[in-house]
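Visitor: Take a look at the following structure, please.
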Amino acid sequence: MKLTFYGGTKSVTGSNYILEEGGEKIMIDCGLIQGGDYAENPNFENFEYEPSEIKAVFATHAHIDHIGRLPKLVSDGFEGKVYSTKPTKGFAKHLLEDSVDILSREARKFDKSSFCTPGSIDSLMELWKGVGYGDTVEEGPFKVTFYNAGHILGSSFVRVEVGDKSVVFSGDLGNSPAPLIKEREPMPEADYVLMESTYGGEKHEPREKVVGELEDVIEKVVKNKGTLIIPSFALERTQALIYHIHDLMTDKKIPEMPVFLDSPLAMRLTDVYKSFKSKLDEETQEFLDEGHDLFEFPELHMTRTSKESKAIWNEGNPKIIIAGAGMSQGGRILHHEKRFLPGKENTILMVGYQVEGSLGRKILDGYDEVKIDGKSIPVNANVEYIPGYSAHADQPQLLEWLQSARFDLEKIYLVQGETDHMEPLKTKIMDDMAIPVEIPEKGQSIEL
């Protein structure tokens, strides 16, 4: 069995791996490469393999850095099947439509032709099959089983078997226990694993402390009579934030104030959450059974049009604005950042990983001013960061996940992380578990 790393090497984004056996090929993930731009230049180049030769794609979850190039794959000749959990398929169409719209504008910036042909998303969805956790799919010599990764609703890691060999692809592992969703499953027996390492060098704060930190940030905004802007990923992070803000107001830990969800995409994804009630955790299902609504309360306002979005500026302070995109690479958050970053009374709160080179990373790293739409914007607002809101497992959780398979593993390949997080995780695994660990290079092929 031959494994080739076409993405996700020494980088958080661009997850893309191919397995070959007996002349047949399957792919795990086909993600967008992101950095300083929403999509980096290589996304518009030809694939380094022939898409028509891929028999099937197994998508671990719906984040764009794992599925974002699937429309291009179809456009360039892929005609096989795509498999994922049903919630992942439900989210994917909305996320891909939004992404391809942004990519059409990015293409002009790079002087490229369009990212994919018209209708490629519809063609993709016709090829897409939804499965459940524990289901095994057989494609040629490959047997692929889905497990709950606890990262976002519908996220999975997959175990691929060929004869007596097996390899696990972690996808993104969740920061469990997470709001709303069920906890990740332990790793099954396997010979090899490709494991994400986004927070491989860090330890998150406990979840209960995270909510306390959110309370502290909001209280400072109230004291300063300012505006809190939160660049948030439309899937999972936004829903968790709304859930916690609602709880804090209900418990009277923070005063009531307007909360604006300024992301049409997040609104559509929130509706998908509601349609998969049975997939949510027991606490959330009980809350719904009591007649509550997860994502609706009097202080929450959903702004669907650009006119409504700009009208937020006329609202008095304090107020909270949650808008996409999570790393400030596009979306409505940009015009709020232009408006509110110069004010010392305001706060910007980061609640997710900021890829190196992204606008969000520059703000987090303390730049005095940043460029937005070609204009220099001073950053006088308070900059806050709650890493515990990340949907990714930290180093202790990654090590815990490996425990159940530690005596079976022949080798671990660290992917989907930056080297400053990969190296300490590699050292920790080798010291504590005596399992060989490798950090692969892009394009590297290995016989398993």
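The values are calculated or read from the model by the stated rules, or taken from the named source; none is laboratory data. Keep in mind that what you see is a predicted model, and the values were worked out from it rather than measured. Please note: Cβ atoms are built from the backbone with ideal geometry, for glycine as well, and neighbour counts cover all protein chains shown.
Visitor: Would you mind stating whether Q329 is within 24 Å of K203 (Cα to Cα), polar (S, T, N, Q) and not in a helix (DSSP H, G or I)?
Guide: no
Visitor: What tally of residues in segment 249-265 results from selecting those that are part of a loop (DSSP other than H, G, I, E, B) and either crowded, with 20+ Cβ neighbours inside 10 Å or among the hydrophobic types (A, V, I, L, M, F, W, C) (or both)?
Guide: Within segment 249-265, the subset part of a loop (DSSP other than H, G, I, E, B) is 251-258, 263.
With the extra rule that they be either crowded, with 20+ Cβ neighbours inside 10 Å or among the hydrophobic types (A, V, I, L, M, F, W, C) (or both), the set shrinks to 254, 257, 263.
Residues meeting the conditions: 3.
Visitor: Go through segment 115-195 and tell me which strands (runs of 3 or more DSSP E), entirely inside it, have 3 or more residues that are out of contact with any helix residue (DSSP H, G or I) (no Cβ under 9 Å at 6 or more places or on another chain).
Guide: 136-139, 142-148, 156-162, 165-169
Visitor: Still on this structure: Looking only at segment 397-411, count how many residues are without any contact (Cβ under 8 Å) to a residue 40 or more places away in the chain and in contact with a helix residue (DSSP H, G or I) (Cβ under 7 Å, 6 or more places away or on another chain).
Guide: First, the residues of segment 397-411 that are without any contact (Cβ under 8 Å) to a residue 40 or more places away in the chain: 399-400, 406-407.
Of the ones still in play, those that are also in contact with a helix residue (DSSP H, G or I) (Cβ under 7 Å, 6 or more places away or on another chain) are 399, 406.
Going through segment 397-411 one residue at a time, the tally reaches 2.
Visitor: Shifting gears a bit: Residues to consider are F297, F287; find the one that is over 30 Å from H421 (Cβ atoms) and in contact with a helix residue (DSSP H, G or I) (Cβ under 7 Å, 6 or more places away or on another chain).
Guide: None of the others qualify; the one that does is F297.
This table checks each residue for (1) farther than 20 Å from E236 by Cα; (2) of a type in the set (G, A, S); (3) touching a Lys or Arg at 6+ places or on another chain (Cβ under 8 Å).
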site: G80; (1), (2), (3): yes, yes, yes
site: H94; (1), (2), (3): no, no, yes
site: E97; (1), (2), (3): no, no, no
site: S113; (1), (2), (3): yes, yes, no
site: G130; (1), (2), (3): no, yes, yes
site: T136; (1), (2), (3): yes, no, yes
site: T145; (1), (2), (3): yes, no, yes
site: V160; (1), (2), (3): yes, no, yes
site: V167; (1), (2), (3): yes, no, yes
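Visitor: Still on this structure: Scan S197, S176 and give me the residue that is at pLDDT 95 or above and outside the structural domain of Q354 (by TED's automatic domain parsing). Before you say what the answer is, go through the steps one by one.
Guide: On the way: S176 fails: at pLDDT 95 or above.
The match here is S197.
Visitor: Restricting attention to helices (runs of 4 or more DSSP H) lying wholly within segment 1-114, give those where 2 or more residues are out of contact with any Leu (no Cβ under 9 Å at 6 or more places or on another chain), of a type in the set (D, E) and surrounded by fewer than 24 Cβ atoms within 10 Å (Cβ to Cβ).
Guide: In segment 1-114, 86-109 are the helices (runs of 4 or more DSSP H) which contain 2 or more residues that are out of contact with any Leu (no Cβ under 9 Å at 6 or more places or on another chain), of a type in the set (D, E) and surrounded by fewer than 24 Cβ atoms within 10 Å (Cβ to Cβ).
Visitor: Count, please, the residues in segment 345-396 that happen to be charged (D, E, K, R) and in contact (Cβ under 8 Å) with a residue 40 or more places away in the chain.
Guide: Counting residues in segment 345-396 that are charged (D, E, K, R) and in contact (Cβ under 8 Å) with a residue 40 or more places away in the chain gives 4.
Visitor: Output the helices (runs of 4 or more DSSP H) that fall wholly within segment 343-448 and possess 1 or more residues being in the same structural domain as A39 (by TED's automatic domain parsing) and either farther than 30 Å from R105 by Cα or at pLDDT 95 or above (or both), or say none. Lay out the reasoning, then the answer.
Guide: Values: elements: 359-364, 395-403, 419-433.
Output list reads 395-403, 419-433.
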